[in-house]
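Contents: one structure, followed by commentary.
The values are calculated or read from the model by the stated rules, or taken from the named source; none is laboratory data. Predicted model only: the values in this text are computed from it and were never measured. So basically every Cβ, Gly included, is an ideal-geometry build from the backbone, and we count neighbours across all protein chains shown. Areas reflect the complete protein model, heavy atoms only, side chains present, ligands, DNA and RNA absent. Shrake-Rupley method; radii C 1.70, N 1.55, O 1.52, S 1.80 Å.
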Amino acid sequence: MTADVTCRDGVELLMEYLEGVLPESQRQRIEAHVAGCPRCVAFVDSYRQTPRIVRSATAADLPDDVAASLRRFLTERR
Ligand SMILES: [Zn+2]
């Protein structure tokens, strides 16, 4: 993987990011990408709005601290 996160591996990493299983270094890269990528922001939004019964098959709940961290990061970049 290169230094830059693309949308393509971004979605994959986003899933892991939202599950809170990514190491800190990767989390920062994801946050940096999402901050400049409306598509990934939309993905995060839709993920969070997905009914629990649907997403429980593929992912754990979004940890509050991850959600807060991402929201704060996006707000600062806006
Ligand atoms: Zn993206």
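Here are some notes:
- When Ala59, Ala68 are checked against the criterion of being more than 11 Å from the ligand (Cβ to nearest atom), open to solvent by less than 70 Å² (accessible area, probe 1.4 Å) and at pLDDT below 75, Ala59 stands alone in meeting it.
- In segment 7-39, residue least open to solvent (accessible area, probe 1.4 Å) [restricted to those that are near the ligand (Cβ under 10 Å from one of its atoms) and among the basic types (Lys, Arg)]: Arg39
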